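Questions regarding the structure given below will be posed in turn.
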Amino acid sequence: MQDFIYNHKKKIVVVGILLLVLIIGISVFFLVKNRIYSATLNIRVTPISAEVKIGDKNYDTLGTYKVKPGSYDVEVSAEGFITKTDTIEIAEDETISFQVYLLPTEENANWYDEHPDDALILGEIKYSLTLEALQKLQEENPILSELPMNIDYFTNNGAKRVRYSISYEIEEGATKFSITITDYSGGNYDDAMLRLEKRGVKKGQYEIKYIDKSEDSEWGHAY
């Protein structure tokens with residue numbers, strides 16, 4: 001063995017150098033590739049038969065892919081469904097979730113009822129999109145983190161009770177919300193609005209509903 005190494009040491013050294021260069025080359029290749037394809041795209045689409053085209057490439061309806069940062073035109077289509085088009089922006093090192101469900105055409109209206117696998121994915125996507133929209137809504141409207149408020153106290157040495165609540169109601173899709181003042185003792189609208197204004201809510205900024213339940217309450221009107 002020693003004789004073999006001695007007689008072929010030049011070749012062994014050359015092979016070793018070539019292997020080292022190859023390893024370094026492969027490492028550099030993947031480092032460069034990871035920098036170029038630094039963004040991550042998580043795709044979830046239903047129906048599973050859909051064609052997903054992002055930029056000039058086709059993707060599966062479920063998967064995680066490394067992509068170049070940038071702006072991409074998107075088209076999701078399937079026979080018997082309404083095609084969806086959109087544009088997505090993805091930054092360097094960013095991970096985004098691309099979730100889409102196609103609506104069936106009129107003649108294909110019962111598709112999800114007849115295909116439970118697609119129906120399950122549909123429900124999961126709708127739930128996930130609603131949570132994302134709700135989170136965005138809460139981030140853009142800090143007042144939501146302070147609601148509901150339940151106001152209940154006595155004034156004038158216990159002669160008068162002030163009781164009302166301020167809550168909010170999210171519309172379907174979690175893209176909008178309204179604020180509701182429910183007044184149980186009556187006459188507290190201005191007080192409720194003042195509380196909201198102190199928390200940054202401007203008049204006319206949101207839809208505000210006022211419900212006077214003092215007639216239905218055991219406490220009656222403010223007294």
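Considering only residues that are within 22 Å of D56 (Cβ to Cβ) and not in a strand (DSSP E or B), look in the stretch 86-116 and name the one that is nearest to the chain's Cα centre (by Cα).
E94
Looking at the stretch 105-136 only, could you name the residues that are in contact with a helix residue (DSSP H, G or I) (Cβ under 8 Å, 6 or more places away or on another chain) and surrounded by fewer than 17 Cβ atoms within 10 Å (Cβ to Cβ)?
Matches in the stretch 105-136: D113, A119.
A further question follows. Given A109, A78, which one is free of Cβ contacts under 8 Å to residues at least 12 places away in the same chain and aliphatic (A, V, I, L, M)?
Unique residue meeting the criteria: A109.
Further question on the same structure: Please go through the stretch 162-198 and give me each residue that is among the charged types (D, E, K, R) and more than 26 Å from the chain's Cα centre (by Cα), ordered by number.
Result: R163, D183, D190, D191, R195, E197, K198.
Every residue in the stretch 81-100 that is surrounded by 14 or more Cβ atoms within 10 Å (Cβ to Cβ) and more than 17 Å from L41 (Cβ to Cβ), please.
F81
Could you say whether any residue in the stretch 153-166 is surrounded by 13 or more Cβ atoms within 10 Å (Cβ to Cβ), free of Cβ contacts under 8 Å to residues at least 40 places away in the same chain and among the hydroxyl-bearing types (S, T, Y)?
yes
Could you run through the stretch 150-193 and say how many residues are over 18 Å from S214 (Cβ atoms) and of a type outside the set (V, I, T)?
Number of matching residues: 11.
Per-residue answers, yes or no, for (1) within 30 Å of P47 (Cα to Cα); (2) assigned by TED's automatic domain parsing to the domain that holds I82; (3) at pLDDT 95 or above; (4) assigned to a helix (DSSP H, G or I):
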site: K136; (1), (2), (3), (4): yes, no, no, yes
site: V162; (1), (2), (3), (4): no, no, no, no
site: S165; (1), (2), (3), (4): no, no, yes, no
site: E169; (1), (2), (3), (4): no, no, no, no
site: E172; (1), (2), (3), (4): yes, no, no, no
site: T182; (1), (2), (3), (4): no, no, yes, no
site: Q205; (1), (2), (3), (4): no, no, no, no
site: S217; (1), (2), (3), (4): no, no, no, no
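While we're looking at this one, here's another question. Of all residues in the stretch 32-51, which are in a strand (DSSP E or B) and either more than 25 Å from N108 (Cβ to Cβ) or free of Cβ contacts under 8 Å to residues at least 40 places away in the same chain (or both)?
Correct list: A39, T40, L41, N42, E51.
Given the criteria free of Cβ contacts under 8 Å to residues at least 60 places away in the same chain, farther than 17 Å from D216 by Cβ and touching a helix residue (DSSP H, G or I) at 6+ places or on another chain (Cβ under 8 Å), does G173 qualify?
yes
Might you let me know whether the stretch 64-76 holds any residue that is in a helix (DSSP H, G or I), more than 30 Å from L196 (Cα to Cα) and either more than 21 Å from the chain's Cα centre (by Cα) or not assigned by TED's automatic domain parsing to the domain that holds G200 (or both)?
No - not one qualifying residue is present in the stretch 64-76.
Quick one: is L147 at pLDDT below 95, crowded, with 16+ Cβ neighbours inside 10 Å and either in contact with a Cys (Cβ under 9 Å, 6 or more places away or on another chain) or in the same structural domain as V162 (by TED's automatic domain parsing) (or both)?
Yes; evaluated as a whole, the condition is true for this residue.
The values are calculated or read from the model by the stated rules, or taken from the named source; none is laboratory data. The shown structure was predicted, so the numbers you read here are calculated from the model rather than taken from an experiment. With ideal geometry, Cβ positions are generated from the backbone for all residues, glycine too; neighbour counts draw on all protein chains shown.
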